[in-house]
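The values are calculated or read from the model by the stated rules, or taken from the named source; none is laboratory data. Fair warning: this is a prediction, and the values are worked out from it, not measured in the lab. All Cβ positions, even for glycine, are placed from backbone atoms using ideal geometry, and neighbour counts span all protein chains on display. Keep in mind that these areas ignore ligands, DNA and RNA; they rest on the heavy atoms of the full protein, side chains included. Shrake-Rupley method; radii C 1.70, N 1.55, O 1.52, S 1.80 Å.
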Amino acid sequence: MEAVGPRLILDVGDHDFEREVLERSKELPVVVDFWAPWCAPCRAFGPVLERLAHERAGAFVLARVNVDEAPAVSQAFGIQSIPAVKGFREGGLVAEFIGAQPEAAVRQFLAAVLPSEADRLARAGETKAAAGNAAGAALAFQEALTREARHPRALLGLARLRAAAGEAAEALALLERVPRGAAVAREAERLAAELRTRAEGSADEPALRARLAAKPGDLDARLRLGRAAYADALAELLEVVRRDRSFADDGARKAMLDIFELLGADDPLTERYRSELARVLFR
């Protein structure tokens, strides 16, 4: 792989695309230029991208992919016409265009790919949170959200702080605002599942049973009672596995698997206790 200048421009192929583009974009935006030597528009347009990469002096990396030498990557991204340009940030595709475009259009494209002020504030918040500065992190996340109300990383970061402070309802409200297609959406779903499971596991069973006795049609009470019962059962079964996996012919583990099957693979209780069971079994 050849690098031009201070690694602002890279030649990337099938063997290193994941590392040099997808993984690298988690730290720094990467613009990918799909091209070929026989493509005259590509040869004319490539220098525009290279000049802008140097002009931005490290704000992004330009990765050049020769489609003839990288058939797997080209096929994976459905490249049928070149030049094709795609922008990646935080491991995901955020913007793209096909064909040689005027420089003004390319600059507009870069504005969509490069980090915004909200992105920078969210990153600062994550750094502060990792250093144990919860107050400073919260301020950075909140400032990011004043600029972009549904900024995924800011919402997730602030939700983590709220959850750590015992403010589960506030954390869940923040997590509900994370866009489904965001790179951190899966992390947000896991945190929300954990918070909901904690709440269900500590449900006031006598109060729920009293509600049902007074109003048998209270479906909310019935659902919460059922989930609390499953949460209690899984917690008890996990403790049996932890103390003696072989007890009753491995009955506790088998019972947990049966409950997972009943709840479904995507249920928050399944996700939480399957992970905890794995930690116990493979520690």
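General remarks:
- Dipole size of the chain about its Cα centre, with +1 on Lys/Arg Cβ and -1 on Asp/Glu Cβ: approximately 640 debye, rounded to the nearest 20.
- Using alpha-carbon coordinates, inclination of helix 152-164 to the longest axis of the chain, degrees: 30
- Length available on full extension from residue 131 to residue 57: 0.36 nm per residue minus the Cα-Cα distance, which gives 23.8 nm.
- Under the shape rule built on the C-alpha gyration tensor, where the axes satisfy a ≥ b ≥ c, the chain is prolate, since a/c reaches at least 1.5 and a/b is greater than b/c.
- Sorted largest first, the spans of the alpha carbon positions of region 232-283 along the three principal axes are 28, 21, 17 Å.
- Of 64, 242, 123, the one that fluctuates the most in a GNM where the chain has Cα springs shorter than 10 Å: 242
- In the context of the full set of protein chains, residues of the chain present 54 Å² of accessible surface per residue (probe radius 1.4 Å, heavy atoms only).
- Full extension of the chain between residue 112 and residue 176 yields a length gain of 20.6 nm, computed as 0.36 nm times the residue separation minus the alpha carbon distance.
- Kirkwood-based shape ratio for region 115-209, expressed as Rg/Rh from alpha carbons: 1.05
- Accessible surface ranking for 273, 230, 1.4 angstrom probe, highest first: 230, 273.
- Rounded tilt (10° steps) of 134-147 against the dominant C-alpha axis of the chain: 60
- Taking the chain as a Gaussian network of alpha-carbon nodes connected by springs under 10 Å, the highest mean-square fluctuation of the residues 114, 223, 62 belongs to 223.
- GNM top mover of 89, 222, 177 - the chain, alpha-carbon springs below 10 Å: 222
- The Rg/Rh ratio of region 13-57, with Rg taken over Cα atoms and Rh as the Kirkwood radius over Cα pairs, comes to 1.02.
- Taken over region 178-283, the convex hull of the Cα atoms encloses 128 Å³ per residue.
- Cross-link partners of residue 86 among lysines (Cα-Cα below 18 Å; sequence separation of 8 or more within a chain): 26
- Distance from region 1-62 to region 214-236 (C-alpha centre basis), Å: 55
- Accessible area of the chain belonging to carbon and sulfur atoms, whole % at 1.4 Å probe: 54
- Between 0 and 90 degrees, the angle of helix 117-130 with respect to the longest Cα principal axis of the chain falls at about 50 degrees.
- Area accessible to solvent at residue 254, 1.4 Å probe radius, in Å²: 90
- Debye log10 I(q)/I(0) at q = 0.18, 0.27, 0.28 Å⁻¹ for region 98-162, Cα point scatterers: -0.61, -1.03, -1.08
- Straight-line reach from residue 215: taking Cα to Cα under 13 Å and skipping same-chain neighbours fewer than 8 places apart, no aspartates and glutamates fall in range.
- Rounded to two decimals, the Cα radius of gyration of region 1-132 over 2.2 N^0.38 Å is 1.06.
- Computed accessible area, residue 23, all protein chains, 1.4 angstrom probe, square angstrom: 90
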